[in-house]
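The block underneath contains the structure these notes are about, expressed in structure tokens.
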Amino acid sequence: MAKHKCFISYHKDDEDEVKEFIKEFDKDKDVFITRGIGKEMPGDVINSDDSDYVMRRIRELYLKDSTVTLVMLGKCTWARKYVDWELQSTLRNSEKVTPNGMLGIKLPSYNGNGYPNRLNLNLKKDGKPEDCYARTMEYPKRKDTLTNAIDAAFDRRKTHIKWINNPRDKFKNNRSCS
């Protein structure tokens, strides 16, 4: 199968773990092609507090040529407003925009503190995995495990689109993580 272009959504405090993940699975094992926002951009992602502007720029600059969003789950990922905005942009669905598939990956530092709410809204309900859009997984130990999970997230863009839950309300500020 072809490699997918994956947008990497993460909390800036997890940047070292995310860089290691990208080095291992994009650079060394060649599982996917990285798309994302990081230190190469000045300021805090995009230098604005206008959420509509930031979300539009995320779509224009990073999401437009990606097909799967990898949500890198660390200790405080759930509390970051930019993660919420990235996931809202990821799930946007219209005649002109196909949503990205969504896969949450637990980083080694993940402490069970929870997932971003927008990811939670798209995980299985009532114990039925067929009725949801997103999935989560433990940090992968093997190339094929990650490849299969990304392929499945990509396929869900067509097969499970009716299960997307993407409310318009969004974080205005970061939440406290303690």
Enumerate the helices (runs of 4 or more DSSP H) found wholly within the stretch 14-116, keeping only those where 1 or more residues are out of contact with any helix residue (DSSP H, G or I) (no Cβ under 7 Å at 6 or more places or on another chain) and buried (at least 21 other Cβ atoms within 10 Å of the Cβ). 15-22, 81-90
Do we have any residue at all in the stretch 71-81 that's touching a Gly at 6+ places or on another chain (Cβ under 8 Å), closer than 22 Å to residue 153 by Cβ and β-branched (Val, Ile, Thr)? yes
Cβ-Cβ under 6 Å pairs, at least 6 apart or on other chains, the stretch 65-80 side in contact (Cβ under 8 Å) with a residue 24 or more places away in the chain, far side small (Gly, Ala, Ser) and surrounded by fewer than 21 Cβ atoms within 10 Å (Cβ to Cβ): 74/109; 75/109; 78/114
Contacts under 7 angstrom Cβ, first residue in the stretch 149-163 being without any contact (Cβ under 8 Å) to a residue 60 or more places away in the chain, partner open to solvent by less than 30 Å² (accessible area, probe 1.4 Å) and among the small types (Gly, Ala, Ser), 6 or more apart: 156/101
Among the residues that make up the stretch 94-109, is at least one of them under 27 Å from residue 142 (Cβ atoms), without any contact (Cβ under 8 Å) to a residue 60 or more places away in the chain, touching a Phe, Trp or Tyr at 6+ places or on another chain (Cβ under 7 Å) and of a type in the set (A, V, I, L, M, F, W, C)? yes
Top-ranked residue in the stretch 123-178 [being among the hydroxyl-bearing types (Ser, Thr, Tyr) and under 15 Å from the mean Cα position of the chain (by Cα); ranked as modelled with the highest pLDDT]: 139
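The values are calculated or read from the model by the stated rules, or taken from the named source; none is laboratory data. All values derive from a computational prediction rather than experimental measurement. All Cβ positions, even for glycine, are placed from backbone atoms using ideal geometry, and neighbour counts span all protein chains on display. All accessible areas refer to the heavy atoms of the entire protein, side chains included, with ligands and DNA or RNA removed. Shrake-Rupley method; radii C 1.70, N 1.55, O 1.52, S 1.80 Å.
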